[in-house]
Amino acid sequence: MLIKRSRGWDIPERLATPESVFLDRRALLGGAAGLMAGSLLATRPGFAAAGPYPAPRNEAFTLDRAVTLERYSGDYNNFYEFGTSKTVLPAANALKTEPWTVKIDGLVEKPFEIGVDELIRKAGLEERLYRHRCVEAWSMAVPWTGFPLAKLVAMAKPTSGAKYVQFQTFLDKAMAPGQRSFFYPWPYIEGLTLAEAMNDLTFIVTGIYGKPLPNQFGAPIRLALPWKYGFKSIKSIVKVSFTAERPKTFWEGLQASEYGFWANVNPAVPHPRWSQASERVLGTNERVPTLIYNGYGEQVAGLYKGLEGERLFV
Ligand code: MTE
């Protein structure tokens, strides 16, 4: 017998995606897929055989709100490598994403390096609608394309000593002007426990809005962790390391009292300098209540049993 478990974010698709432009585009692409397959491939230059955008949507991941239009989400970004302004899009044009490889090292059977296109071919792609809640109290809801991080963990074959996964962004002062500032502890580092890394929600992202990631979103490969504050969703990843020790993250290095390792969304735990009780939705500027674990508690709360003494929500 097939039992469909209803989850917190499961609501009818028609309520989740009223963004007509996005839907129209998908309908057009989907309907014409057979005819147009050839011309739809290779959206990334040099990515001829498998330009798999738009990828099939995984219907298990729906939303309680409208998808944010790209003109809002794509013009209000945090990407400190290219500056501290939200209008980082023009500066992020300098990000050179080809060629791009990701190194897998640390406590694994055999370290390796893999090109992002090969990684995509091996893992396959799907689309998921996720909410995203920044620690600065703004939010968006977007269709990410990617694959579960668990697939990459399986390829990496961590050894028994591995307890954490550390992610690192590129380091290139010539390309990224923000990295010339000594104020920040470059490169950007983030981390998860291995259990968090294996959770079904933990998503490696290579695309958005049915196409490869535009630079300002963290091209060509980033994380999406919808139950955590956005700073955990590291952009432009070049290295994934399996470690025994908890990674020291970029924001922790800068201000540990304000930005901790766990950073799970919780409206009841204010940031030391502002409330986290509500959030401003990009595009509409509507203020809506923030939900514990950003609404994904059913999926992730179990990860934190027995860790109640930790600063789980900072
Ligand atoms: N990753 C890197 N390498 N550099 C950054 O400055 N900013 C983080 C996160 N990942 C950041 C990063 C923050 S604070 C947020 S809210 C999200 O990226 C923003 O993602 P978006 O610009 O796609 O909305």
Candidate lysines - alpha carbon under 27 Å from LYS163, same-chain residues fewer than 8 apart omitted: LYS103, LYS110, LYS122, LYS151, LYS228, LYS232, LYS235, LYS239, LYS248, LYS305
Proximal aspartates and glutamates to LYS173, defined as alpha-carbon separation beneath 15 angstrom and excluding residues fewer than eight positions away on the same chain: GLU81
Burial order of peptide ranges 272-278, 130-136 (average beta-carbon count within 10 Å, highest first): 130-136, 272-278
Ascending count of other beta-carbon atoms within 10 Å, so fewest first, for GLU196, GLU109, GLU81: GLU109, GLU196, GLU81
Ratio Rg/Rh [Cα only; Rh per Kirkwood] for the stretch 189-232: 0.98
Counted charge near TRP251, where neighbours are those whose Cβ lies closer than 11 Å (Asp, Glu -1; Lys, Arg +1): -1
Ascending count of other beta-carbon atoms within 10 Å, so fewest first, for TRP262, TRP251: TRP262, TRP251
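Just want to confirm a number: the relative contact order over the stretch 56-304, from Cα pairs under 8 angstrom separated by 6+ residues, in percent. The partial results should precede the final answer.
Numbers: 536 pairs, mean separation 55.9, N = 249.
About 22 percent, as a whole number.
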log₁₀ of I(q)/I(0) at q = 0.15, 0.29, 0.33 Å⁻¹ - the stretch 271-314, Debye sum with one point per alpha carbon: -0.52, -1.08, -1.14
Relative compactness, the stretch 56-304, computed as alpha-carbon Rg over 2.2 N^0.38 Å: 0.95
Order by protection proxy (mean Cβ within 10 Å, highest first), peptides 180-191, 233-244: 233-244, 180-191
Listed peptides 84-97, 298-311 by packing density, highest first (mean Cβ within 10 Å): 84-97, 298-311
Residue-count net charge about PRO185 - beta-carbon cut-off 12 Å; Lys, Arg +1, Asp, Glu -1: 0
For VAL281, VAL205, VAL288, order by how many other beta-carbon atoms lie within 10 Å, fewest first: VAL288, VAL281, VAL205
For the stretch 90-209: span of alpha carbons on each principal axis (Å, largest first): 40, 30, 28
At most 13 other Cβ within 10 Å, DSSP loop - GluC sites (Glu not before Pro), the stretch 227-277: GLU245, GLU258
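All of the numbers you see were taken from the coordinates with simple rules; none came from a lab. Just so it is clear, the model here is predicted, and its values are computed rather than measured. Cβ coordinates were reconstructed from backbone atoms using ideal geometry, including for glycine residues, and neighbour counts include every protein chain displayed.
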